[in-house]
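The values are calculated or read from the model by the stated rules, or taken from the named source; none is laboratory data. From a predicted model like this one, the values you see are computed outputs, not experimental measurements.
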Amino acid sequence: MDPLSEFSSAALFFPKINPYFYAHKTTQFMLSTGQIIFAICFFVAFVIVMVFSYRKDRKLHKKQYKGSIWILVGFIVFVLLLLGIKLYLKD
């Protein structure tokens, strides 16, 4: 048997499965406690910064993006129109 046969392209799509691989249940958590604490702190800090940033720019957003709701309404109508055409032509 060729020693490189396990690295062939077919082996990537159809790996050899050992039936005893699933016989034991071992659960390993991928993140350490420190990493979880860091992720929670980062998320909380990110949300706080985003809230303060949004509050600071609220007046500017109302001025700059006035009437932009109609773009959203038009996009939703367009998607619903495409969905309606698809359902109508599917029959």
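Return yes or no: is G84 modelled with pLDDT under 90 and among the small types (G, A, S)? The answer is no for G84.
Only one of the listed residues (L31, L72) is within 24 Å of the chain's Cα centre (by Cα), modelled with pLDDT of 90 or more and not hydroxyl-bearing (S, T, Y). That residue is L72. Screening A11 with (1) modelled with pLDDT of 60 or more; (2) in a helix (DSSP H, G or I) gives one miss only, at (1).
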